[in-house]
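Peer 1: Quick one: structure below, then a few questions.
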Amino acid sequence: MAEVKEPVKQEQESWWSKKERKLVIDPLLDNNPITVQVLGVCSALAVTTLTFKALIMAISVTLVTAFSNLFTSMLRNYIPFQVRMIAQLVIIAFLVTVVELTLKAAQYPMWKDLSVFIGLIITNCIVMGRLEAYAMANKPWKSFLDGIGNGLGYGAILIALGIVREIFGKGTLLAGSPFELKIIGPSADFLLNTQNAWLSWYAPNNLMVLPASALFLIGIIIWIQRSMQPKLIDVS
Amino acid sequence: MFSNSYIIRFVLVMCVIVAVVLAIMSSGLSEIHAKNEAVFNKRAILTSVKTFLPKPLESMSDAEVEALFKDRIQQKVVKLDGSEVTGVVAEQVDMAKEKKKPEADRNLPLFIYKADDGKPYYILAVRGSGLWDEIWANIALQDDFNTIAGTSFDHKGETPGLGAEIKDNPAFPAQFVGKKLLDESGNFVSINVVKGGVSDEMHDIDVISGATITCNGVQEMLKRGLGYYQNYLNKLKTAG
């Protein structure tokens, strides 16, 4: 008995061991919710036209996954098995509403711009997936880290897409935020002025504004990631 | 295994807690939400006269927008027959609701902006349908009630890169500046959104490629929406 108890005790004492680090880092790379599990693609196509929009969405989803994992894990022994999906949904819907009300108070134009997609975090497969797969069976602190990791893994892809789409589609970076950068466009206040003779051939790529471009970009990211990590390739 | 009564109690307690927390939060923040919404609408109205503002709208803080709106804008509500409505604030007219009423009963908001040089600009609100959902605009007229001084468009759900260009591409609203609503004899003809190049410099603007239905919606919205104001504007013209 004593032998069994010993390692359990050690595990509880350490808050930031190798195992915890793995929980946060794994979803960023080898177990990324978008590129490896291919979850949450719907919102990745819709909200990545602007980097700032993608950033706000990434933060919102990270908060929701982290805290829904935490609350579900805390309640996991009290949630009746028969109604666990409903209970999880109540927790997710609660957190999404909190995020939405806060965003509406703090960043009204961005809230208006994201419109239904904040509410649709409720149906984001990543959130529900993590609750079912992880939080229902693990302790609160670990579940919280798992939520942070998956939120960040989703957010990293979103922001990467947002940067590429905004620069090539609109010529700006972080438009709508106080840190707007003008990269390429037809007037003197842009970093690269397309009115100059040597750049006059340039036109913004209108495809980048459309959702389809995000699908192509995600495809390219998946391609690069899998050619670098052959173990991710599904042989079946 | 959990009993049925435990399940019911669990779900009820959980829902009550969640509902109470959200209700408190929602009512606590409702004042800030209402204020944000008002500032957002004020910015949309001021965008149509942005070239005549004392400083660029983007660099103005929320408080400055409110102060400018209070100092420089006179609000009126008019009806189709040209009469003025009292007791209604133009800012609080909900165009989406007005659209459901019969035309003669609709409240039409009118904002009169006084520029630095004392010149008034008449801002009219119009609302119509695009491809997927509603579109709306604020149209600023010079004091001849004929020449367009500026416009700002918005939409609920037009396609990004196509129909949404009415808002996202600054070149589209800019095309309207200087166009006339009336023909030489003073009859209302509105603005036409045409394909294949502008032929009538006074009344035509270029369509957005790939957004024909949205642009048809814009043309219809302007013709109908600006038409509602003509009785009142004619009254002002003969009075002034």
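The values are calculated or read from the model by the stated rules, or taken from the named source; none is laboratory data. Just so you know, these numbers come straight off a predicted model, no measurement behind them. With ideal geometry, Cβ positions are generated from the backbone for all residues, glycine too; neighbour counts draw on all protein chains shown.
Peer 1: If you scan segment A:91-141, which residues turn out to be in contact with a Leu (Cβ under 7 Å, 6 or more places away or on another chain), free of Cβ contacts under 8 Å to residues at least 40 places away in the same chain and farther than 23 Å from A:SER73 by Cα?
Peer 2: Residues satisfying the conditions are A:LEU101, A:ALA105, A:TRP111.
Peer 1: Considering only residues that are surrounded by 13 or more Cβ atoms within 10 Å (Cβ to Cβ) and of a type in the set (Ser, Thr, Tyr), look in segment B:169-212 and name the one that is farthest from A:ASN205 (Cα to Cα).
Peer 2: Selected residue: B:SER190.
Peer 1: Return the residues of segment A:35-48 that are within 12 Å of chain B (Cβ to nearest Cβ) and surrounded by 19 or more Cβ atoms within 10 Å (Cβ to Cβ); say none if nothing qualifies.
Peer 2: Hits for segment A:35-48 are A:VAL47, A:THR48.
Peer 1: Something else about it: Given the criterion within 14 Å of chain B (Cβ to nearest Cβ) and crowded, with 18+ Cβ neighbours inside 10 Å, identify the matching residue among A:THR51, A:THR72, A:THR102. Even if it seems obvious, please write down each step before you answer.
Peer 2: Numbers: A:THR51 fails: within 14 Å of chain B (Cβ to nearest Cβ); A:THR102 fails: crowded, with 18+ Cβ neighbours inside 10 Å.
Among A:THR51, A:THR72, A:THR102, only A:THR72 is within 14 Å of chain B (Cβ to nearest Cβ) and crowded, with 18+ Cβ neighbours inside 10 Å.
Peer 1: Hey, another quick one. In the list B:VAL21, B:VAL11, which residue meets the criterion of being more than 7 Å from every other protein chain (Cβ to nearest Cβ), surrounded by 12 or more Cβ atoms within 10 Å (Cβ to Cβ) and not polar (S, T, N, Q)?
Peer 2: It is B:VAL21.
Peer 1: Here is a check on your reading of the model: is B:LYS223 more than 14 Å from chain A (Cβ to nearest Cβ) and either part of a helix (DSSP H, G or I) or buried (at least 22 other Cβ atoms within 10 Å of the Cβ) (or both)?
Peer 2: Against the criterion (more than 14 Å from chain A (Cβ to nearest Cβ) and either part of a helix (DSSP H, G or I) or buried (at least 22 other Cβ atoms within 10 Å of the Cβ) (or both)), B:LYS223 qualifies.
Peer 1: Now a separate question. Quick one: B:ALA90 ticks every box in (1) surrounded by 12 or more Cβ atoms within 10 Å (Cβ to Cβ); (2) within 11 Å of another protein chain (Cβ to nearest Cβ) bar one, so which box is it?
Peer 2: Every condition holds for B:ALA90 apart from (2).
Peer 1: Collect the residues in segment A:142-171 that are over 17 Å from the mean Cα position of the chain (by Cα) and either within 14 Å of chain B (Cβ to nearest Cβ) or free of Cβ contacts under 8 Å to residues at least 12 places away in the same chain (or both), keeping them in residue-number order.
Peer 2: Correct list: A:GLU166, A:PHE168, A:GLY169, A:LYS170, A:GLY171.
Peer 1: Can you report the number of residues in segment A:75-88 which are within 8 Å of chain B (Cβ to nearest Cβ) and either touching a residue at least 60 places away in the same chain (Cβ under 8 Å) or buried (at least 17 other Cβ atoms within 10 Å of the Cβ) (or both)?
Peer 2: Selection size over segment A:75-88: 4.
Peer 1: Residues of segment B:41-66 being of a type in the set (A, V, I, L, M) and either in a helix (DSSP H, G or I) or in contact with a strand residue (DSSP E or B) (Cβ under 7 Å, 6 or more places away or on another chain) (or both), which ones?
Peer 2: B:ALA44, B:ILE45, B:LEU46, B:VAL49, B:LEU57, B:ALA63, B:VAL65
Peer 1: Sticking with this structure for a sec: Before we move on, is A:ILE91 buried (at least 18 other Cβ atoms within 10 Å of the Cβ), under 30 Å from B:ALA44 (Cα atoms) and in contact with a helix residue (DSSP H, G or I) (Cβ under 6 Å, 6 or more places away or on another chain)?
Peer 2: no
Peer 1: Just one of the numbered conditions (1) closer than 15 Å to B:ILE123 by Cβ; (2) more than 14 Å from chain A (Cβ to nearest Cβ); (3) within 16 Å of the chain's Cα centre (by Cα) is not true of B:LEU53; which one?
Peer 2: Of (1) closer than 15 Å to B:ILE123 by Cβ; (2) more than 14 Å from chain A (Cβ to nearest Cβ); (3) within 16 Å of the chain's Cα centre (by Cα), only one is false for B:LEU53: (3).
Peer 1: With respect to B:LEU46, determine if the residue is closer than 30 Å to B:THR238 by Cβ, more than 11 Å from every other protein chain (Cβ to nearest Cβ) and touching a Leu at 6+ places or on another chain (Cβ under 7 Å). Write out each step before concluding.
Peer 2: Working: closer than 30 Å to B:THR238 by Cβ: yes; more than 11 Å from every other protein chain (Cβ to nearest Cβ): yes; touching a Leu at 6+ places or on another chain (Cβ under 7 Å): yes.
Considered against the rule, which asks whether it is closer than 30 Å to B:THR238 by Cβ, more than 11 Å from every other protein chain (Cβ to nearest Cβ) and touching a Leu at 6+ places or on another chain (Cβ under 7 Å), B:LEU46 comes out as yes.
Peer 1: On to the next question. What do you reckon, is B:PHE69 assigned to a helix (DSSP H, G or I), surrounded by 12 or more Cβ atoms within 10 Å (Cβ to Cβ), aromatic (Phe, Trp, Tyr) and within 11 Å of another protein chain (Cβ to nearest Cβ)?
Peer 2: Criteria not met by B:PHE69.
Peer 1: Go through segment B:72-85 and give me each residue that's more than 19 Å from B:LEU226 (Cβ to Cβ) and either at pLDDT below 85 or in a strand (DSSP E or B) (or both).
Peer 2: If the condition is that a residue be more than 19 Å from B:LEU226 (Cβ to Cβ) and either at pLDDT below 85 or in a strand (DSSP E or B) (or both), then B:ILE73, B:GLN74 are the ones that fit.
Peer 1: For segment A:180-236, name all the residues that are part of a loop (DSSP other than H, G, I, E, B), surrounded by fewer than 14 Cβ atoms within 10 Å (Cβ to Cβ) and among the β-branched types (Val, Ile, Thr).
Peer 2: Correct list: A:ILE233, A:VAL235.
Peer 1: Same structure, new question: Can you tell me which residue is farthest from the other protein chains (Cβ to nearest Cβ) among those in segment B:151-171 that are within 17 Å of B:PHE52 (Cα to Cα) and in contact with a helix residue (DSSP H, G or I) (Cβ under 6 Å, 6 or more places away or on another chain)? Show your work before the answer.
Peer 2: Within segment B:151-171, the subset within 17 Å of B:PHE52 (Cα to Cα) is B:151-152, B:170.
Checking the rest, the ones that are also in contact with a helix residue (DSSP H, G or I) (Cβ under 6 Å, 6 or more places away or on another chain) come to B:151-152.
Numbers: B:THR151: 19, B:SER152: 14 Å.
The extreme case among them is B:THR151.
Peer 1: Just to be sure I understand, how many residues within segment B:190-240 are touching a residue at least 60 places away in the same chain (Cβ under 8 Å), closer than 19 Å to B:LEU108 by Cβ and of a type in the set (Val, Ile, Thr)?
Peer 2: 1
Peer 1: What helices (runs of 4 or more DSSP H), lying completely within segment A:89-165, carry at least 1 residues that are farther than 30 Å from A:ARG21 by Cβ and acidic (Asp, Glu)?
Peer 2: Because the criterion is at least 1 residues that are farther than 30 Å from A:ARG21 by Cβ and acidic (Asp, Glu), the helices (runs of 4 or more DSSP H) in segment A:89-165 that meet it are A:108-114.
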